[in-house]
Amino acid sequence: MNAQAVEPSGEPDEVEIEAAQPDRRTTGPGVVVVHDWYGPLPHVAELADELTMAGFDVELVDLYDGVTTDDPGRAEVLAEALDGTDALEQIAAAAQRLREAGAGYVGAVGFSLGGSLVLRVAAGRVFDAVVVYYATCGLDDAAGLTCPVQLHLADDDEFEPAEDVAEFVEALRAAGAPVDTFTYAGTEHSFANADVALADPRAAEVALARTVGFLHARLAG
């Protein structure tokens, strides 16, 4: 992995992200990973490690400059303070770095807030495939999204009601995007985040296996 979380320093709610080496080269596909509104908690780096071991070159996008929290109230404050335009540019730039390093195909994995942003970037034809956990985007963006999409959905999601998700999936398919959806029984929003109270390890494990399989299939070239 070329951009990874390292041990915290300074304040206890901060982590540092190592900068990717500008002269690196890759022979495999690339994957951009974008965290949820809690920030780059340890599970994000763990996912990146799993993807690296599976043969992908990974770029982690840290939208909060290392700040993290496991408190939903604090997470909401962080998300509301985020510069959306800058966030989209960071994600697109990460994809570009992977392509410049030699990745012929580039995908993305995004969680919640990060998933919505990944979808918006993907509408600009930046990614070859995306995996999104409990997130959608506006229907205007969905109408421009044609790459394959894999959605991992919570059974009971206060942020992404089932009827809204169904409308979103319909818009994706109308735009020509191949879509796979998986809903995990008994789960709530953030079930794949091992660092928060709503985590469901069993569902997260199944979702991870599906994520890796999908990325291998769609980014193989």
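The values are calculated or read from the model by the stated rules, or taken from the named source; none is laboratory data. All values derive from a computational prediction rather than experimental measurement. Counting neighbours? That spans all protein chains shown, and the Cβs are built from the backbone with ideal geometry, glycine included.
Cβ-Cβ distances below 8 Å connect the following pairs, each with a first residue in segment 179-201 that is more than 30 Å from Ala143 (Cβ to Cβ), a second residue that is polar (S, T, N, Q) and in a loop (DSSP other than H, G, I, E, B), and a separation of six or more residues or different chains: Val196/Ser190; Leu198/Ser190; Ala199/Ser190; Ala199/Asn193. If the condition is being among the charged types (D, E, K, R) and farther than 24 Å from Ala209 by Cα, then segment 157-172 contributes Glu158, Glu163, Asp164, Glu167, Glu170. Contact map, segment 46-65: residues that are within 21 Å of Ala92 (Cα to Cα) paired with residues that are hydroxyl-bearing (Ser, Thr, Tyr) and not in a loop (DSSP other than H, G, I, E, B), Cβ distance under 6 Å, separation 6+ or inter-chain. Pairs shown: Val58/Thr52. Filtering segment 128-155 to residues that are surrounded by fewer than 24 Cβ atoms within 10 Å (Cβ to Cβ) and assigned to a strand (DSSP E or B) leaves Ala129, Leu151, Leu153, Asp155.
Per the listing Arg99, Arg125, the residue uniquely surrounded by fewer than 22 Cβ atoms within 10 Å (Cβ to Cβ), in a loop (DSSP other than H, G, I, E, B) and among the basic types (Lys, Arg) is Arg125. Being of a type outside the set (Ser, Thr, Tyr) and closer than 21 Å to Gly30 by Cβ narrows it down to one of Gly115, Gly138, so name that one. Step by step, each of Gly115, Gly138 is checked, and only Gly115 is of a type outside the set (Ser, Thr, Tyr) and closer than 21 Å to Gly30 by Cβ.
The rows are residues; the columns are (1) in contact with a helix residue (DSSP H, G or I) (Cβ under 7 Å, 6 or more places away or on another chain); (2) over 17 Å from Ala177 (Cβ atoms).
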{"site": "Arg97", "(1), (2)": "no, yes"}
{"site": "Glu100", "(1), (2)": "no, yes"}
{"site": "Ser116", "(1), (2)": "no, no"}
{"site": "Arg120", "(1), (2)": "yes, no"}
{"site": "Cys137", "(1), (2)": "yes, no"}
{"site": "Asp140", "(1), (2)": "no, no"}
{"site": "Val149", "(1), (2)": "yes, no"}
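Within the set Ala3, Ala45, the sole residue that is assigned to a helix (DSSP H, G or I) and either at pLDDT 70 or above or over 23 Å from His189 (Cβ atoms) (or both) turns out to be Ala45. For the condition without any contact (Cβ under 8 Å) to a residue 12 or more places away in the chain and either in a strand (DSSP E or B) or not polar (S, T, N, Q) (or both), Glu89 qualifies. If only residues of segment 156-188 that are surrounded by 19 or more Cβ atoms within 10 Å (Cβ to Cβ) and of a type in the set (Phe, Trp, Tyr) are counted, the one that is nearest to Glu205 (Cα to Cα) is Tyr184. Within segment 49-82, the set of residues being of a type in the set (A, V, I, L, M), closer than 25 Å to Gln96 by Cβ and touching a Ser or Thr at 6+ places or on another chain (Cβ under 6 Å) comprises Val58 only.
Taking the numbered list (1) buried (at least 24 other Cβ atoms within 10 Å of the Cβ); (2) touching a Gly at 6+ places or on another chain (Cβ under 8 Å) in turn, Thr27 passes all entries but (1). Checking Glu158, Glu205 one by one, the residue that is part of a loop (DSSP other than H, G, I, E, B) and of a type in the set (Asp, Glu) is Glu158 and no other.
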